Amino acid sequence: MRVVVAIDGPAAAGKSTVAKLVAKQLGYTYIDTGAMYRAFTWYCMEKGLDCQNHDECIKLIDEVTIKLKADGTVLCNDIDITRAIREPRVSSNVSYIASYKEIRLFLVDQQRLMAKEGSVIMDGRDIGTYVLPDADVKIFQIASVETRAIRRYDENISKGIPCTLDEIREDVRKRDYIDSHRDFAPLKCAEDAITLDTSDMSIEEVVNAIIDIINKKISEKK
Ligand code: DC
């Protein structure tokens, strides 16, 4: 049976860490939609554009090709930007790019095509509400601002990406606001999603909880 899992939630809630592990354990394909918005942002910045300039940024749609490889590598026009898209300068601009409807439609088309292949687990902000409204399982993964800021800070430091905790906390707050207040496909919990507050949960506990939810849904459908 083909299974489609949507995981949404605010910035740095640990969605991608958990989704990758669940995908590995269940043999599903993991699709990181945030990486696609980040790749587009990186490209705008490479071209020297101000990411708050909607009209200039959307002109790049025709020249951007984004590929997500199975090993997690992210390519933009065949350049490996896997590490570059995690830099704070990209994180602090990505919410502007993700608020432009034209760019969202361009990337959502690709996300829907990717979701047609086998069982998938896709994470983002609008997967359960807009990209894949018929997903079999919808999870809304949340955590407090402080927990998320510390997690993202630790992750950056372990990857050698320089940052401060204050900078990350501010960025998380700013992105929460922009992502949930944009007009088109904002961050919100789907009516049929299960909310998982991971503030006091370990990664392993979250992975196990999600696998339990998936297995329960599968047995209900049989
Ligand atoms: O999950 P992330 O932090 O890598 O996502 C980067 C940004 O992309 C985030 O601030 C909001 C945006 N995003 C979005 O609007 N819709 C998605 N499906 C995924 C990410």
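The values are calculated or read from the model by the stated rules, or taken from the named source; none is laboratory data. Since the model is a prediction, treat every value here as computed from it, not as a measurement. FYI the Cβ positions are ideal-geometry reconstructions off the backbone, even for glycines, and counts take in every protein chain you see.
If you go through the range 131-154 one residue at a time, do you hit one that is without any contact (Cβ under 8 Å) to a residue 24 or more places away in the chain and of a type in the set (S, T, N, Q)? Show your work before the answer.
First, the residues of the range 131-154 that are without any contact (Cβ under 8 Å) to a residue 24 or more places away in the chain: 146, 150, 153-154.
In the following step, the residues that additionally are of a type in the set (S, T, N, Q) were identified as none.
No, that holds for no residue.
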Give the residue that is farthest from the ligand (Cβ to nearest atom), with candidates limited to residues of the range 1-15 that are at pLDDT 95 or above and more than 14 Å from the chain's Cα centre (by Cα). V3
Does E63 satisfy the condition of being under 23 Å from F184 (Cβ atoms), away from the ligand (no atom under 16 Å from the Cβ) and not hydroxyl-bearing (S, T, Y)? yes
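Residue by residue, here is whether (1) within 19 Å of P10 (Cα to Cα); (2) of a type in the set (D, E) holds:
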{"residue": "L113", "(1), (2)": "no, no"}
{"residue": "V120", "(1), (2)": "no, no"}
{"residue": "D123", "(1), (2)": "yes, yes"}
{"residue": "L132", "(1), (2)": "yes, no"}
{"residue": "V137", "(1), (2)": "yes, no"}
{"residue": "V145", "(1), (2)": "yes, no"}
{"residue": "A149", "(1), (2)": "yes, no"}
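Considering only residues that are assigned to a loop (DSSP other than H, G, I, E, B) and on the phi < 0 side of the Ramachandran plot, look in the range 104-129 and name the one that is modelled with the lowest pLDDT. Outline the logic, then answer.
Here is the first cut: in the range 104-129, the residues assigned to a loop (DSSP other than H, G, I, E, B) are 115-119, 125-126.
Those still in the list that are on the phi < 0 side of the Ramachandran plot too: 115-117, 119, 125-126.
On the way: A115: 95, K116: 94, E117: 84, S119: 96, R125: 96, D126: 97.
Checked the range 104-129; the qualifying residue modelled with the lowest pLDDT is E117.
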Are there any pairs, at least 6 apart or on different chains, whose C-beta atoms fall under 6 Å, with the first in the range 11-28 and aromatic (F, W, Y) and the second within 16 Å of the ligand (Cβ to nearest atom), and if so, which? Y28/V120; Y28/I121
Of everything in the range 167-194 that's surrounded by 13 or more Cβ atoms within 10 Å (Cβ to Cβ) and more than 12 Å from the ligand (Cβ to nearest atom), which residue is farthest from G128 (Cα to Cα)? E167
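Anything in the range 68-101 that is β-branched (V, I, T) and over 15 Å from S16 (Cα atoms)? List them, or say none.
Here is the first cut: in the range 68-101, the ones β-branched (V, I, T) are 73-74, 79, 81-82, 85, 90, 94, 97.
Across the range 68-101, the qualifying residues are I79, I81, V90, V94, I97.
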Considering the range 65-92 alone, what residues qualify as being of a type in the set (A, V, I, L, M, F, W, C), modelled with pLDDT of 95 or more and farther than 23 Å from R151 by Cα? I66, L68, L75, C76, I79
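Limited to the range 16-36, what total is found for residues that are at pLDDT 95 or above and within 14 Å of the ligand (Cβ to nearest atom)? I'd like the intermediate steps shown before the answer.
Taking the range 16-36 first, the residues at pLDDT 95 or above are 18-36.
Subset that is within 14 Å of the ligand (Cβ to nearest atom): 18-20, 30-36.
Count: 10.
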Do you know which residues across the range 66-81 are within 14 Å of the ligand (Cβ to nearest atom) and either touching a Lys or Arg at 6+ places or on another chain (Cβ under 9 Å) or of a type in the set (G, A, S) (or both)? G72, V74, I81
Looking only at the range 164-178, count every residue that is closer than 23 Å to S99 by Cβ and in contact (Cβ under 8 Å) with a residue 12 or more places away in the chain and tell me the total. 10
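Of all residues in the range 65-83, which are within 19 Å of the chain's Cα centre (by Cα) and hydrophobic (A, V, I, L, M, F, W, C)?
We begin by selecting, within the range 65-83, every residue within 19 Å of the chain's Cα centre (by Cα); these are 65-76, 80-83.
Within the range 65-83, I66, L68, A70, V74, L75, C76, I81 qualify.
Within the range 37-55, how many residues are aliphatic (A, V, I, L, M) and away from the ligand (no atom under 12 Å from the Cβ)? Full working, then the answer.
Start the filter on the range 37-55 by keeping residues that are aliphatic (A, V, I, L, M), which leaves 39, 45, 49.
Next cut, away from the ligand (no atom under 12 Å from the Cβ) only: 45, 49.
Here the count works out to 2.
Give the residues of the range 78-103 that are touching a residue at least 40 places away in the same chain (Cβ under 8 Å), of a type outside the set (S, T, N, Q) and assigned to a loop (DSSP other than H, G, I, E, B), sorted by residue number.
At the first step, the residues of the range 78-103 found to be touching a residue at least 40 places away in the same chain (Cβ under 8 Å) are 81, 83-103.
Imposing the further condition that a residue be of a type outside the set (S, T, N, Q) reduces the set to 81, 83-90, 94, 96-98, 100-103.
If the condition is that a residue be touching a residue at least 40 places away in the same chain (Cβ under 8 Å), of a type outside the set (S, T, N, Q) and assigned to a loop (DSSP other than H, G, I, E, B), then I81, R83, E87, A98, Y100 are the ones that fit.
Quick check on the range 140-165: of everything there that is assigned to a helix (DSSP H, G or I) and of a type in the set (K, R), which residue is farthest from V206 (Cα to Cα)? Steps first, please.
Within the range 140-165, the first condition is being assigned to a helix (DSSP H, G or I), and the residues that meet it are 145-158, 165.
Those still in the list that are of a type in the set (K, R) too: 148, 151-152.
Numbers: R148: 14, R151: 14, R152: 17 Å.
Residue satisfying both the conditions and the ranking: R152.
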